[in-house]
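The values are calculated or read from the model by the stated rules, or taken from the named source; none is laboratory data. Worth saying up front: this structure is predicted, and the values here are computed from it rather than measured. Positions of Cβ are generated from backbone atoms using ideal geometry, with glycine treated the same way; all protein chains shown enter the neighbour counts. Ligands, DNA and RNA are excluded from the accessible area calculation, which covers all protein heavy atoms including side chains. Shrake-Rupley method; radii C 1.70, N 1.55, O 1.52, S 1.80 Å.
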Amino acid sequence: MSTNPRGLESQFAGFDLLATMVAVIQPDGECLFANAAFENVMRLSRRAVVHGNLYDWLVDASHLREAVAGVARNAYSSSRFDAHLRRNPQHQQRNEEPLPVQVIVSQIEGQALVLVELIENEQQMRQDREERTLDQVQATKELVRNLAHEIKNPLGGIRGAAQLLAMELQGTELWDELAEYTQVIVHEADRLQSLVDRLLAPHRRAQVVVDVNIHEVCERVRALVLAEFPRGLAIVRDYDTSLPDFRGDREQLIQAVLNIVQNAALALQPRIAVGDACITLRTRVARQVTIGKQRWRLALELHVEDNGPGVPAEIRDRIFFPLVSGRDGGSGLGLTLAQTIAQQHQGMIDCESEPGRTDFRITLPLP
């Protein structure tokens, strides 16, 4: 058996199609092959992963050492246990928690090598949550569309009747007394009409599909938000410039990202006042991604991360529902529209939030 890296990559290339992390190691722990999922989680290139030692990547490697030794000497064919994986042992981030994983150690028939599979304990839960979110958003979208259409017709009648009533009252002794009431009716009807139009906006406008560079989208949004908040807010760029262009509606995507970044900026207003507010726009490539039960070989991830107070716990599971807002005066439509736009591009948006850190991740498939 050759341990030539190119030979191993060719032999084990099928593992790149798996969503779980897979590594092929020698009994001493040296990694000879790691699949694409392993690269993504470790945030390292395959070249950096290969020839590292898997024992160094676990918080406590004692169980792994025992399992690998047992499998290598044919004491048993496989072993399964729970462990904690350091995401990047070479450059461990200060506040980053180790990843809880289930480890499966197996023999490779006819070879003096060991196969190690690591399954995120949260992976299945996250996939289930994403599927529920997509189903809920789809159901809510249909409900909103139907409800908005049902509201529009009587709303137009109410506004028209108020205008006719105002015309009849003009020049009469009742005009001074009742004019204000007719104006309130017209004003509130217009406000509701504006709300309905915003609910229907993503469904009305046909997509204008062009080649889109995600960093051009980010730069446009960055300029708009910094113009609105010129002091006290830093918007940091962390771009993977190797990301390719993709087909999409540039203006819709700008609107989706703008909604998220503006929400972050509004949540950061106390920090903006003291001058330490920060939003990070981070782009990365992801491999073997599942979005809405469909598998994509490549996808881009745009993270909008802020150092604000976090999403209130009581609405964290409902933030993409219409009319759900975490701040006074919010319409609760910005994230709903952003999620709808992402879905129209076969992608999705999810959120991780805790006090001091909120991360909205936009995932879009790449060609």
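The Cα atoms of the range 246-367 cover 43, 28, 27 Å along the three principal axes, with the biggest extent listed first.
Taking label points 7 Å from Cα along the Cα-to-Cβ direction, Glu66 and Asp317 give a separation of 3.7 nm. Scaled against the 2.2 N^0.38 Å expected of a compact globular protein of N residues, the Cα radius of gyration of the range 228-291 reads 1.36.
How would Tyr55, Tyr76, Tyr181, Tyr239 rank on accessible area, largest to smallest, probe 1.4 Å? All intermediate terms of the calculation are to be shown ahead of the outcome.
Values: Tyr55 15, Tyr76 85, Tyr181 140, Tyr239 55 Å².
Reading off the accessible areas and sorting them downward yields Tyr181, Tyr76, Tyr239, Tyr55.
Rounded, prolate or oblate: pick one for the range 152-284, where a ≥ b ≥ c are the square roots of the eigenvalues of its C-alpha gyration tensor, a/c under 1.5 means rounded, and failing that, prolate if a/b is larger than b/c, else oblate. Oblate, since a/c reaches 1.5 and b/c is not below a/b.
Along the range 154-167 the Karplus relation, 6.51 cos²θ - 1.76 cosθ + 1.60 evaluated at θ = phi - 60°, assigns HN-Hα couplings of x, 5, x, x, 4, 5, x, 5, 5, 5, 5, 4, 5, 5 Hz to successive residues, with x for each Gly and Pro. When both the range 237-298 and the range 18-79 are represented by their alpha-carbon centers, they are found 32 Å apart.
Modelled spin-label separation between Asp56 and Tyr181, with each label point placed 7 Å from Cα along the Cα-to-Cβ direction: 8.1 nm.
Zone of Val285 (label point 7 Å along Cα→Cβ, backbone N under 20 Å): which residues in the range 342-365? Zone members listed by number: 347-348, 362-365.
A simple rule links phi to the HN-Hα coupling: the Karplus curve 6.51 cos²θ - 1.76 cosθ + 1.60 with θ = phi - 60°, which for the range 209-221 gives 8, 9, 6, 10, 9, 4, 6, 5, 4, 4, 5, 5, 5 Hz, with x for Gly and Pro. In this label model, Asp240 and Leu18 are separated by 2.1 nm, measuring between points 7 Å along each Cα→Cβ vector. Per the 1.4 Å probe, what fraction of the accessible area of the range 237-367, in percent, lies on carbon and sulfur atoms? It is 47 percent, rounded to a whole number. Annotation for the range 261-367: trypsin sites (Lys or Arg not before Pro) lying in DSSP loop with at most 13 further Cβ atoms inside 10 Å of their Cβ are Lys293, Arg327. Close amide H pairs (under 5 Å, H built 1.01 Å from N) link Cys278 with Ala234, Asn307, residues at least 5 positions away or on another chain. For Gln102, project a label point 7 Å along Cα to C-beta. Then give me every residue of the range 6-36 with its amide nitrogen under 19 Å of that point. Within reach of a label on Gln102, which here means backbone N under 19 Å from a point 7 Å along Cα→Cβ, the range 6-36 contributes 18-23.
A full extension of the chain between Arg87 and Gln294 corresponds to an added length of 71.9 nm, given 0.36 nm per residue minus the alpha carbon distance. The Ile158 and Gln262 beta-carbon pair, evaluated with R₀ = 30 Å, returns a calculated FRET efficiency of approximately 0.40.
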